[in-house]
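The values are calculated or read from the model by the stated rules, or taken from the named source; none is laboratory data. Not measured: the values here are computed from a predicted model. Counting neighbours? That spans all protein chains shown, and the Cβs are built from the backbone with ideal geometry, glycine included. Heavy atoms of the whole protein, side chains included, go into the accessibility calculation; ligands, DNA and RNA do not. Shrake-Rupley method; radii C 1.70, N 1.55, O 1.52, S 1.80 Å.
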Amino acid sequence: MKNLFLIAVLLTAQAALAHHGYAAFDTTAEVTLKGTVTDFHFTNPHCVIEFDVKDDKGQVRNWKAELTSANHLAPKGWTEASVQPGDELAITGYRAKNGAPSLWVNKIHMANGEDLKIDTSN
Amino acid sequence: MHLALPLLCGLVSATAILAQSSAGDEGIPVNDPLVIAKCGSCHARDTRGNMQRISWERTTPEGWQEALKRMILVDGVSLTPPEARSIVKYLSASHGLAPQEAQPVMYDAERRIHPETNIPNDRVQHACARCHSFARSLSWRRSPEDWKQLAEMHTSRYQLPPNQEAIAFLSKAAPLHTPEWDAWSTGAPATNLAGRWLVTASLRGHGIYYGEMLVDATPDGDFTTSARLISVADGSRFVRSGRSVVYAGYAWRGRSQGPQIYTSGPDDALSEAREVLWIAPDQSTAEGRWFWGQYQEFGFDVKLRRASGTSADPTLLLVDRSSLKTGSQANRIRLIGDRFPAGVTPADLDLGSGITVRRVVSSTPSEVVAEVDVAPDAALGKRDVRFHHAMLPGAVAIYDRVDYIKVAPDSAMAAFSDPAHAPGYQQFEAIGYQRGPDGKLHTADDVELGPISPADVAWSLEVFYAAPGNNTDFVGKIGPSGFFTPAAANPSANFDVWVVATAKNEMGKNGKPLVGKSYMVVTVPIYTLNGRRYIRDLDRWVDDGPAQ
């Protein structure tokens, strides 16, 4: 997407909620969450999967899993229908440092046993 | 061109000519005396009229304008504005793109944010689209040798490693010689656009306008325009006057504005606008964008159709409703067009099976108002609308329910302001969709139902990683019409924000209101990276030397 490429290289963000690429995530440890897709945004500068995850106490929390851009994923065969509401999946990635229910995606494992081909670059 | 180091340039260009000649690609001669006089001292001209580099390149008016700016700013070329305009006009015609070549990259000249999903792989993306749009690369046609030289320039100037894959891709995807250019450069019709054109113009947040534009040729080959437009939504009327240049027989570039300075806000429909249109090769239609704003964020999506001259046949321009619900009765629709006859009857209209034209309420030469019933079992999907032999393909969608909504644009940018830059705004709309024949959501056969009325949508903002319900005023505010205004204070940071549209009357299968989201980045006016500044007004990096 025109101009949005810039976001990945911006070094000015300081505020806790600013656009910050990897810096927002704890890249020292991966977590895996299993859940049900509620929405998928095939867009720039990041694609985002929204999915419901049930915790140990049965409480459902909606998480947002960020991927690279649609421009990067499209050549790998992704479309806005690649992930559908209702899909069961397991997402492995880095959690947001501030505790927000957000992940940076490293791996997506679908219920049919397949792993979606992704690009982990920001 | 008039440079300080003509001897060095001459040596370089002589070497380059030998290299390009040996590559086997026949150059495109340059015969314009002004180009030869101004560019010839560096770009040496051979006995066949080929000028170094120039003869092995073709591009859009914007491409040649950018090249000239670079020569003026970096290489010290001296040109008067009329000389520069003349050179761009000549090169755009003699070393331009065919209309079919320009059409896929028009979004760049039209200053649209456009998802570039046509980049073949990450390596080509890295070489071509990290610092500018991919369309900028594909706006050029070059010989393999010239693509190689461009890559070498990028290597020396921007310290990008040579990328043979990108050179090979571009040499194949954007070659100097193509059948399209061969046909256009030898057989383009004379540019004859004077006359009356019918206009539809859609402005996000304002709806659709229609009317006519009168085009007159000037003695110097340009065109003046007067466009009289009427709002479908509220019937308000205004006139925009302008002046345009047409490059290469099809590339319309102009400016227009309303009769007074805008008063109702930055998205005022009377604002002075740049006009970029693509004129079809047969000169019967044109389409493009009239745009304005600090970041060209506002604009009419424009379609022109030449009025039918002396023909008595009616023309259909638009239908004021983009969707009708199954089982609905007495839906009032307006067909807007030209040369509707007197005494229109229901039999004159055809919206396909399952839709009955109950009565014609009124008709004028430019508008027919009718009431239609939609059968409960009418087939879902897009319908053509016909009036006699005139037809609007897919003008009306028949639907049983709204399955989901999207927010347009689905990704967007807005910008904080500083003393040198006005804010960058964004206007959003909620668009209804229905599952298509495959019954699945978000697939290619889904049917767009048109914008949902602002009165039926609640807008809100969510800042990424913030707790739900957090105050979002520090990034800006979104009004009830979906218009986003960034916060007055520039925090010198960028924020990812969901722009959320919640339908008031349309529910999902789960009984909850339908929700659509757009991904907006609210950002700073100026970027700085390794000492280089990115000027978004210019859509390019401004640097005093290579990046470190």
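Are any of the pairs B:K303/B:K440; A:K117/B:K382; B:K440/B:K504; A:K64/B:K440; B:K325/B:K517; A:K76/B:K477 more than 28 Å apart by Cα-Cα distance, and if so, which? Where the Cα-Cα span goes over 28 Å, the pairs concerned are B:K303/B:K440; A:K117/B:K382; A:K76/B:K477.
The Cα center of segment B:303-353 and the Cα center of segment B:192-236 differ in position by 20 Å. Straight-line cross-link partners of A:K57 among the lysines, defined as a Cα under 28 Å from its Cα and at least 8 positions apart when in the same chain: A:K34, A:K97, A:K107, B:K509, B:K512.
Across chain B, C-alpha contacts under 8 Å between residues 6 or more apart give a mean separation that, scaled by the residue count, equals a relative contact order of 8 percent. Excluding ligands, DNA and RNA and using a 1.4 Å probe, chains B and A jointly bury around 3700 Å² of accessible surface, summed across both partners.
The accessible area of B:K148, taken with all protein chains in place and a 1.4 Å probe, comes to roughly 90 Å². The accessible surface of segment B:148-190, taken with every protein chain in place and a 1.4 Å probe, is 60 percent carbon and sulfur. Remark: relative contact order (segment B:85-202) = 30 percent; criterion is Cα-Cα distance under 8 angstrom and separation of 6 or more residues.
Heavy atoms of the protein chains alone define the surface here; on that basis chain B has 44 Å² accessible area per residue at 1.4 Å probe size. Could you tell me which of rounded, prolate or oblate describes segment B:277-326, using a ≥ b ≥ c as the square roots of the eigenvalues of the alpha-carbon gyration tensor, with rounded for a/c under 1.5 and, failing that, prolate when a/b is larger than b/c and oblate otherwise? It is oblate, given that a/c is not under 1.5 and a/b is not larger than b/c. What the Kirkwood sum gives for chain B is a hydrodynamic radius of 26.3 Å, with every pair of different alpha carbons counted.
Spin-label pair B:E371-A:K54: with each label point 7 Å from Cα along the Cα-Cβ axis, the two points sit 5.3 nm from one another. Here chain B carries DSSP beta bridges of which approximately 95% are antiparallel, counting only pairs with both residues inside. Can you give the log10 of the normalised intensity I(q)/I(0) at q = 0.16, 0.23 Å⁻¹, computed with Debye over equal Cα scatterers of segment B:303-411? Computed log10 I(q)/I(0) values: -0.73, -1.25. Distance from the Cα centroid of segment B:460-491 to that of segment B:390-433 is 18 Å (rounded to whole angstrom). Give, ordered by residue number, each residue of segment A:63-95 whose 1.4 Å probe accessible area is reduced by a minimum of 10 Å² on adding the remaining protein chains to the chain alone. Buried by the other chains: A:K64, A:E66, A:N71, A:H72, A:A74, A:P75, A:K76, A:E80, A:A81, A:Q84, A:P85. Counting only lysines at least 8 places from B:K69 when in the same chain, those with an alpha carbon closer than 16 Å to its own are B:K38, B:K89. For segment B:88-172, the normalised intensity computed at q = 0.13, 0.25 Å⁻¹ comes to -0.45, -1.36 (log10 of I(q)/I(0), Debye sum over alpha carbons, equal scatterers, no solvent). Mind checking which of B:L351, B:Q257, B:N471 is farthest towards the positive end of the protein assembly as shown's charge dipole, using Cβ charges of +1 (Lys, Arg) and -1 (Asp, Glu) about the Cα centre? Of the options given, the answer is B:Q257.
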